Amino acid sequence: MDTSVWLPQVAILAVILISDYGIRKITTARLIRPFITAIVIIPFFFKGAATSGNGLLLEVAGVLAGIALGVLAAALLRVSADQVTGRPLSRGGLPYAIFWVVIVAARLYFAYGAQHVFSQSLGEWLYTNHVTVDALTAALIFFSVAMLLGRTGALALRARRVSAGADVKVGARLSAPVR
């Protein structure tokens, strides 16, 4: 397996874990950091998307699966408000880290298996279903980016809800009682 396969996966995993593991403030920079990493790395490997047929369906399936797994990953983060500032915080623990490691390991195994374990059956499936290798590659890239999108969208929504509730609580502590 060459670096074009494992490098983007490991880089995205590292950025996600650095951004999310432990107790972290939820900021705009934190939410977009994984996308910046993806934007920098992916153009080196992306060759184009299918615009019709089964290749397009595979890419759409990759996007939908990525969003679903990203939302599931975000559900493993605890989101709360800082008791002093009211700003949203998240706590990513071991289950969150294991989830991401398993997903990235599965992607890497698929890439390895496609070359060394099940290359013939995969090739036959691609041929039978009129799907190009580029469409499969694009589907995997879309899956990775959509997973980031699902994680980021779900985390941003939860942070917004917590922030809105914290504003009310912080404001209540600071206001004078009504008589």
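The values are calculated or read from the model by the stated rules, or taken from the named source; none is laboratory data. Everything quoted here is computed from the prediction, not taken from an experiment. With ideal geometry, Cβ positions are generated from the backbone for all residues, glycine too; neighbour counts draw on all protein chains shown.
Below are the figures for this structure:
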{"quantity": "Looking only at the range 58-74, and only at residues there that are touching a residue at least 12 places away in the same chain (Cβ under 8 Å) and surrounded by fewer than 15 Cβ atoms within 10 Å (Cβ to Cβ), the one that is nearest to F99 (Cα to Cα)", "calculated": "A68"}
{"quantity": "Single match in G150, G86, G165 (criterion: in contact with an Asp or Glu (Cβ under 8 Å, 6 or more places away or on another chain) and either modelled with pLDDT of 90 or more or surrounded by 13 or more Cβ atoms within 10 Å (Cβ to Cβ) (or both))", "calculated": "G86"}
{"quantity": "Selected residue (criterion: nearest to A111 (Cα to Cα)) from residues of the range 18-34 that are of a type in the set (A, V, I, L, M, F, W, C) and crowded, with 16+ Cβ neighbours inside 10 Å", "calculated": "L31"}
{"quantity": "Selection within the range 108-140 - in contact with a helix residue (DSSP H, G or I) (Cβ under 6 Å, 6 or more places away or on another chain) and either crowded, with 20+ Cβ neighbours inside 10 Å or free of Cβ contacts under 8 Å to residues at least 24 places away in the same chain (or both)", "calculated": "A114, L122, V131, A135, A138, A139"}
{"quantity": "Some residue of the range 2-13 being modelled with pLDDT of 90 or more and in contact with a Leu (Cβ under 8 Å, 6 or more places away or on another chain)", "calculated": "no"}
{"quantity": "Positions within the range 14-57 being without any contact (Cβ under 8 Å) to a residue 12 or more places away in the chain and of a type outside the set (V, I, T), in sequence order", "calculated": "A14, A29, R30, P43, S52, L57"}
